[in-house]
Amino acid sequence: ELVNIRIHDFHTHTCTIHFTSDTTRNKTNRASTISGTLCHELLTLTLHKKPVDHLFSGRQGDSLTTKRARQIIQALGKDALGRDINPQEIRYTHIAHALSKNIPLPAIQQQVGLDTLRMTQLAEQLSPKRYTNAYETFFTK
């Protein structure tokens, strides 16, 4: 999805990125909200680069390849954490942080583009303590 984002899919006034059905795994349209800081950084990036179609592009202005995106992510992971990371780890980390901030599952699901069953399974794996605490509260009242 990242390498397929086109400039016109990035909306600065709402700080959203729209993903069209032809670029998503589950073939549905969706919009993801990004932080104001990231929105500003992406706006700056787009204003200072040659006119291209994709938000993230290669040296010749063509679309960034998935292989190159993975290499960049792995290198950044190595710099930051001392180990390789993969793009899915970023998605799962986002989900874990969102769950810890008590963001509702449907909102997280819409943001990351996972179906309900997969989202529920991830939530159970990433935050079992949250559900245990919820039931402890339920049974003690």
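The values are calculated or read from the model by the stated rules, or taken from the named source; none is laboratory data. What you are looking at is a predicted structure, and each value in this text was computed from that prediction instead of being measured. Reconstructed Cβ throughout: ideal geometry from the backbone, glycine too, with neighbour counts over all protein chains shown. Remember, those area values only see protein heavy atoms, side chains included, never the ligands or the DNA or RNA. Shrake-Rupley method; radii C 1.70, N 1.55, O 1.52, S 1.80 Å.
Picking from residues in region 1-54 that are touching a residue at least 40 places away in the same chain (Cβ under 8 Å), assigned to a loop (DSSP other than H, G, I, E, B) and touching an Asp or Glu at 6+ places or on another chain (Cβ under 7 Å), the one that is surrounded by the most Cβ atoms within 10 Å (Cβ to Cβ) is Thr24. When region 63-100 is limited to residues that are farther than 21 Å from Thr24 by Cβ and modelled with pLDDT under 85, the one that is least open to solvent (accessible area, probe 1.4 Å) turns out to be Leu99.
Taking the listed residues Leu55, Leu42, the one that is more than 19 Å from Ala107 (Cα to Cα), in contact with a strand residue (DSSP E or B) (Cβ under 9 Å, 6 or more places away or on another chain) and at pLDDT 85 or above is Leu42, with no other qualifying.
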